[in-house]
Every structure is written in structure tokens, then in C-alpha cells.
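What follows is calculated from the coordinates using simple rules that are stated; it is not laboratory data. Quantities reported herein were computed from a predicted structural model and do not represent experimental measurements. Don't worry about glycine lacking a Cβ; one is built from the backbone with ideal geometry, like all the others, and counts go over all protein chains shown.
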Amino acid sequence: MRKIDVNVDMGESFGRYTLGNDEELMKYISSANVATCFHAGDPLVMEQTIKWAKQYDVAVGAHIGLPDKQGFGRRQMDLTAEELRADTLFQIAAIDGVAKTYSIKLQHVKPHGILYRMVSEYEQYIDPFLQAIKDYNPELFIMLPPNTPAFERGKEMGLRMVGEALIDLSYDEDGNWVIERTKKARSPQDVAERAVSVATQKKIATVKGDLIDIDACTVCIHGDAPNAVEEAAVVKKVLEENGVEIANLFKIL
């Protein structure tokens with residue numbers, strides 16, 4: 001049976017402000033990208049999200065971001081390489097410490113927002129980011145877009161690189177994802193069909209309807225979508241109907 005990991009960005013609530021229905025999402029996914037309090041989240045939210053992950057047998061990863069809650073980590077910052085390294089280590093160590101409290105082994109690291117692109121493509125940030133993870137724990141999986149400079153560099157460094165497809169975002173003809181300032185509801189059936197396409201054909205549709213190659217073993221649903229729970233439920237149902245098992249990275253790789 002084919003297997004694929006379904007991950008969701010979560011733990012992004014803060015103080016009195018709630019974003020997403022994290023506990024309900026846990027029922028349909030295999031991996032949680034938990035915010036590490038830089039772009040979103042707070043220590044209470046982080047701990048609660050990890051407790052839910054344990055309850056629903058969902059793997060936990062560090063969803064690291066830029067220190068910019070107001071911009072939700074989507075505004076580029078002119079960090080030095082040293083700052084990026086320190087920020088990466090700080091965030092991974094924070095969530096790893098909480099996870100260990102609940103006897104959870106941290107599974108992966110995934111950058112959030114504009115940091116996802118910065119560490120994937122910008123030469124000055126690739127090595128500091130990858131080396132920080134390697135120095136902390138080279139066994140961690142690293143979720144990044146396949147066919148990017150960082151993905152290839154990570155493989156050269158012997159790191160556990162994991163290709164990711166963003167099934168609830170659009171892709172242009174060059175394989176670039178289209179970021180929405182405010183996450184919009186998307187047809188759950190459409191999102192599910194994109195998940196099946198990635199899992200069974202290693203392809204995803206562009207905004208023009210063409211299929212492009214994407215070698216991914218994990219697919220992402222964004223937890224801040226207004227219908228994220230419905231999307232996740234339909235994705236799980238349709239994947240299983242097409243003979244694809246949802247499993248975390250520990251069970252796939």
C-alpha cells in the first residue's frame with residue numbers, strides 16, 4: 001500500500017487569540033508542525049498542542065519562523081547568518097524540550113512563511129540553516145520544497161530531506177507556490193484530489209491546469225484555512241479510498 005504523510009501547521013494561537021481548530025485537525029493527520037513562538041504561538045499553546053499530538057498519536061515537528069508575530073512570519077527580514085543559526089537552534093531546542101517532557105521524539109523541522117523560501121533558495125541562509133539542524137540533531141527530518149538548492153545541499157550533507165507539496169495552495173507553471181495574505185477556503189474535494197495526485201503520480205496541478213512533477217512524501221494543509229478541518233477530513237477519506245495510507249515520516253522513511 002502506498003503511504004503519505006499529511007502535515008498541518010498548528011499551535012498558532014496566542015494569548016486570547018485563537019487561530020484554527022487544532023484538536024479537531026489532529027484526528028485526520030499524521031504530523032503536526034507546531035509553532036515555536038516566533039511567528040505565532042506562545043508557550044501555553046505549544047504545550048497544549050503537543051499534548052493533543054500525543055493523545056491522537058500525531059508526530060511533532062518544529063515549525064520555526066521569523067521573530068515577527070505582527071506579520072505572521074510572512075515579511076522578509078534582513079537577518080545575518082549568525083542570527084538565523086541562533087534563532088533556528090533556539091526554536092528547535094524549545095519545542096524539543098517540551099516534547100521530551102511528554103516522552104515524544106521530535107520528528108522534523110519545517111520553516112514557516114517567508115523563511116520557507118529564504119532557507120530554500122537564498123544562498124546566504126542555506127548552510128547556516130542546515131548546519132544548525134545538523135549540529136543539533138542530524139536525525140531530524142527537514143521538510144522543504146524538492147528541487148530547491150537547499151534540498152540538494154541537505155542531501156549532500158547527509159541530512160534527512162523530505163519533499164513537501166502544499167496541496168491547499170496554488171502552483172504556477174514554474175513550480176512556485178502562490179502565497180495568500182489571508183488563507184481562503186478551498187474545495188475539500190479539490191485539495192483531496194491534489195493529495196492523491198501527489199501520492200500516486202508525484203504530480204500536482206498548476207493554476208492553468210497543467211500537471212508538473214513534485215517528488216514529495218508529505219503534503220501540507222494549512223491550519224488557518226477557514227475550512228481546514230473539512231479539508232483534512234476529506235483528504236483522509238479520499239486518500240484511503242484510493243489505497244493510500246496516511247502515516248508519519250517515522251513509518252515511511
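Quick one: of 134/155; 203/236; 3/203; 155/237; 27/69, which pairs are farther than 22 Å apart, Cα to Cα?
From the list (134/155; 203/236; 3/203; 155/237; 27/69), the Cα-Cα distance tops 22 Å for 155/237; 27/69.
With both labels modelled 7 Å from their Cα along Cα-to-Cβ, the residue 178 to residue 206 distance reads 1.2 nm.
Could you tally the net charge around residue 189, taking each other residue with its Cβ under 15 Å from the Cβ of residue 189, Lys/Arg +1 and Asp/Glu -1? Kindly include the intermediate steps, with their values, before the conclusion.
Details: positive: 186, 194, 236, 237; negative: 168, 190, 193, 230, 231, 240, 241.
For residues surrounding residue 189, the net value is -3.
Scanning the chain for DSSP H helices at least 27 Å long along the axis (C-alpha atoms) with a Kyte-Doolittle mean no lower than -1.0 picks out 81-101.
Mind listing which trypsin sites (Lys or Arg not before Pro) in region 64-156 are in a DSSP loop and have 13 or fewer other Cβ atoms within 10 Å? Sparse-neighbourhood loop trypsin sites (Lys or Arg not before Pro): 75, 105. Counting only DSSP beta bridges whose two residues both lie in the chain, roughly 15 percent are antiparallel.
Rounded, prolate or oblate: pick one for region 159-206, where a ≥ b ≥ c are the square roots of the eigenvalues of its C-alpha gyration tensor, a/c under 1.5 means rounded, and failing that, prolate if a/b is larger than b/c, else oblate.
On the way: a/c = 1.66, a/b = 1.23, b/c = 1.35.
It is oblate, given that a/c is not under 1.5 and a/b is not larger than b/c.
The stretch between residue 100 and residue 131, if pulled fully straight at 0.36 nm per residue, gains 8.9 nm over its current Cα-Cα span. What shape does the chain have by the C-alpha gyration tensor, where a ≥ b ≥ c are the square roots of the eigenvalues, rounded means a/c under 1.5, and otherwise prolate means a/b greater than b/c and oblate the rest? Because its axes are fairly even, with a/c under 1.5, the chain counts as rounded.
Along its three principal directions, the equivalent ellipsoid of region 126-191 from the Cα gyration tensor extends over semi-axes of 28, 13, 11 Å, largest first.
For residue 54, the aspartates and glutamates whose Cα comes closer than 17 Å to its Cα, not counting residues fewer than 8 places off in the same chain, are 5, 9, 22, 23, 24, 96. Averaging the Cα positions of each part gives two centres, and for region 162-218 and region 10-85 these lie 22 Å apart. If you take all other residues with their beta carbon under 10 Å from the beta carbon of residue 148, and give Lys and Arg +1 and Asp and Glu -1, the sum is 0. With the helix formula -39500 (n - 2.57) applied to DSSP H stretches of n ≥ 4, the chain reaches a computed 222 nm mean residue ellipticity of -12000 deg cm²/dmol.
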